[in-house]
Amino acid sequence: MNTSAEVASTTRPGPLSPRYLSFVGATGLSSIGDAAWTIALASTVVGTAGPATAGAVLALAGVPRVMALLGAGAVADRHGPARVMVWSDLARAVLMTIAAVTVAVTGASVPVLAVTAAVLGLLGAFFLPASGALRPLLLPADDLVRGNALYLIGLRTGQAAGGPVGAWLLGLGGMVAVAAVNAVSFLVSAGGVAVCRPKKPVEPAPQNSSRLVTRVAEGWRYAVRHRDLRLLLIVVGLVELAGAGPVNVGLVLLSEHIGGGAAGAGVLLSAFTVGAAATFLTSLVLPVRRRSSAVLVGCLAGQALTLSLLGQVASVAPAAACYGLMGMTTAQASLVLTSLIQRCAATEMRGRVMAIMSLLSFTAPPLGNLAMGVAVDALGFAVTLALHGAVAAASIAVFLSSRTLRESHLD
């Protein structure tokens, strides 16, 4: 597998260095701001216009982020990932400041909140692929898995904390307080990224003044023509499709099916979250390196088996055990796949490749939820989950079809 020159560097500090921890902290603060705004937005719109309008606003607010992802990856490649992350945070800080002033003057109307949410999602799209492109520039090659694990811990912690923070701020000072505090969090995040940018940054390859759409197309062509990258991205898509439905709407439907109700669904989600967190924490101490391909295949097989077993459970306890195992295997598979893609992609293309990967991750949940609901109604739980298991198993065949990937490692 071809790897970028800068990834081979052994002179960079590890993931527990102050510089990388600054990056992780910036990521956590950004995710807190996003999650806090989302929960406050949902609560406010539900109280103002009802659940249906709230659902429509949240759904529409996510569209600009998905549409902007590919262009955001091209921008990160052209201007440098650290710079784009700082721009994204500063722009979101300005947006939140404007929102705080507007809501204070005119009130928290649905149009103002909807537009703000859409623009926030659009600006946040630039942060994601840039973050994925920056991590290999900050870490030695053999610490990439640990660095990705620490990054995901910061991201998930921020997302988990954002909900309670948003609800608390909403009760304390309404949407004005939420927007004002978010503005500060994005400013601090921008400072954290600025501090951690590489001391001797690897400049992207010289590019002509081609249009953005041309650079996006170049990224697609690169990913499609690069056999190993193409296969890795297909594996990501299959893994996301296999797990998205069962982990989102599926756990609610399954809990109702086995008599667990809403409380049971909460237990299943907690089991999945704890399993994923255990993997991320373990990877900080015992990262997968030399045997990464074997571990990935084992995790994909574990996901396939767990999904099939879920269709046979009859109570909450075994279902929770399955969800815990699925959280562990999917988290480990995600770490290995992300690290392999980062190592495989050329520096000047990495932002666009990470954007494609992010696009797969964002589009899988709505597609998976739709497929899960339709299939359960038509085929029942056992067959539906067996089919999801088959999709996960198919990802193994795709990965093993390349000798280079079979022999890949992350040390």
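The values are calculated or read from the model by the stated rules, or taken from the named source; none is laboratory data. Because the structure is a prediction, the values reported are computed rather than measured. Cβ sites come from the backbone with ideal geometry, for glycine too, and all protein chains shown count toward neighbours.
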Suppose we filter the stretch 322-332 for residues that are surrounded by fewer than 24 Cβ atoms within 10 Å (Cβ to Cβ) and either touching a strand residue (DSSP E or B) at 6+ places or on another chain (Cβ under 6 Å) or closer than 11 Å to residue 269 by Cα (or both); how many remain? 1
Restricting attention to the stretch 176-198, which residues are of a type in the set (Val, Ile, Thr), buried (at least 20 other Cβ atoms within 10 Å of the Cβ) and under 28 Å from residue 16 (Cβ atoms)? 193
Within the stretch 370-385, which residues are surrounded by fewer than 18 Cβ atoms within 10 Å (Cβ to Cβ) and part of a helix (DSSP H, G or I)? 370, 373, 374, 377, 378, 379, 382, 383
Here is a check on your reading of the model: is residue 63 surrounded by 22 or more Cβ atoms within 10 Å (Cβ to Cβ), in a helix (DSSP H, G or I) and in contact (Cβ under 8 Å) with a residue 12 or more places away in the chain? no
Would you check which residues across the stretch 366-407 are within 18 Å of residue 247 (Cα to Cα) and among the acidic types (Asp, Glu) and list them? 377
Residues of the stretch 251-305 being of a type in the set (A, V, I, L, M), surrounded by 22 or more Cβ atoms within 10 Å (Cβ to Cβ), within 20 Å of residue 238 (Cα to Cα) and in contact with a Leu (Cβ under 8 Å, 6 or more places away or on another chain), which ones? 251, 296
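For (1) buried (at least 22 other Cβ atoms within 10 Å of the Cβ); (2) in contact (Cβ under 8 Å) with a residue 24 or more places away in the chain, each residue gets a yes or a no:
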residue: 58; (1), (2): no, yes
residue: 71; (1), (2): no, yes
residue: 74; (1), (2): yes, yes
residue: 81; (1), (2): yes, yes
residue: 86; (1), (2): no, yes
residue: 92; (1), (2): yes, yes
residue: 98; (1), (2): no, no
residue: 101; (1), (2): no, no
Name the residue, out of 90, 122, that is out of contact with any Asp or Glu (no Cβ under 9 Å at 6 or more places or on another chain), more than 16 Å from residue 32 (Cα to Cα) and either at pLDDT 90 or above or not assigned by TED's automatic domain parsing to the domain that holds residue 20 (or both). 122
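With the structure loaded, tell me whether residue 336 is out of contact with any Lys or Arg (no Cβ under 7 Å at 6 or more places or on another chain) and outside any helix (DSSP H, G or I) or whether it fails that test.
The answer is no for residue 336.
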For the stretch 339-355, check the following and say yes or no: at least one residue is without any contact (Cβ under 8 Å) to a residue 24 or more places away in the chain and either buried (at least 20 other Cβ atoms within 10 Å of the Cβ) or hydrophobic (A, V, I, L, M, F, W, C) (or both). no
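Is it fair to say residue 296 is of a type in the set (A, V, I, L, M), assigned to a helix (DSSP H, G or I) and under 22 Å from the mean Cα position of the chain (by Cα)?
So residue 296 passes the test.
Here is a list: 144, 138, 229. Which entry is in the same structural domain as residue 98 (by TED's automatic domain parsing), over 23 Å from residue 94 (Cβ atoms) and in contact with a Cys (Cβ under 8 Å, 6 or more places away or on another chain)?
138
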Scanning for something modelled with pLDDT of 85 or more, under 17 Å from the mean Cα position of the chain (by Cα) and crowded, with 16+ Cβ neighbours inside 10 Å, does the stretch 3-22 turn up at least one residue? no
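Checking the structure you have, find out if any residue of the stretch 160-175 is over 30 Å from residue 276 (Cα atoms), crowded, with 18+ Cβ neighbours inside 10 Å, at pLDDT 85 or above and not assigned by TED's automatic domain parsing to the domain that holds residue 305.
Pass one, the stretch 160-175, residues over 30 Å from residue 276 (Cα atoms): 171-175.
Applying the additional criterion that residues be crowded, with 18+ Cβ neighbours inside 10 Å yields 175.
With at pLDDT 85 or above added as a condition, the list becomes 175.
Then drop every residue that is not not assigned by TED's automatic domain parsing to the domain that holds residue 305, which leaves 175.
The answer is yes, given that some residue of the stretch 160-175 is over 30 Å from residue 276 (Cα atoms), crowded, with 18+ Cβ neighbours inside 10 Å, at pLDDT 85 or above and not assigned by TED's automatic domain parsing to the domain that holds residue 305.
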Test: residue 283 is farther than 30 Å from residue 68 by Cβ, within 21 Å of the chain's Cα centre (by Cα) and assigned to a helix (DSSP H, G or I): yes
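Per-residue answers, yes or no, for (1) more than 22 Å from residue 401 (Cβ to Cβ); (2) touching a residue at least 40 places away in the same chain (Cβ under 8 Å); (3) touching a helix residue (DSSP H, G or I) at 6+ places or on another chain (Cβ under 6 Å):
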residue: 220; (1), (2), (3): no, yes, no
residue: 224; (1), (2), (3): no, no, yes
residue: 227; (1), (2), (3): no, yes, no
residue: 266; (1), (2), (3): yes, no, no
residue: 273; (1), (2), (3): yes, yes, no
residue: 294; (1), (2), (3): no, no, no
residue: 300; (1), (2), (3): no, yes, yes
residue: 315; (1), (2), (3): yes, yes, no
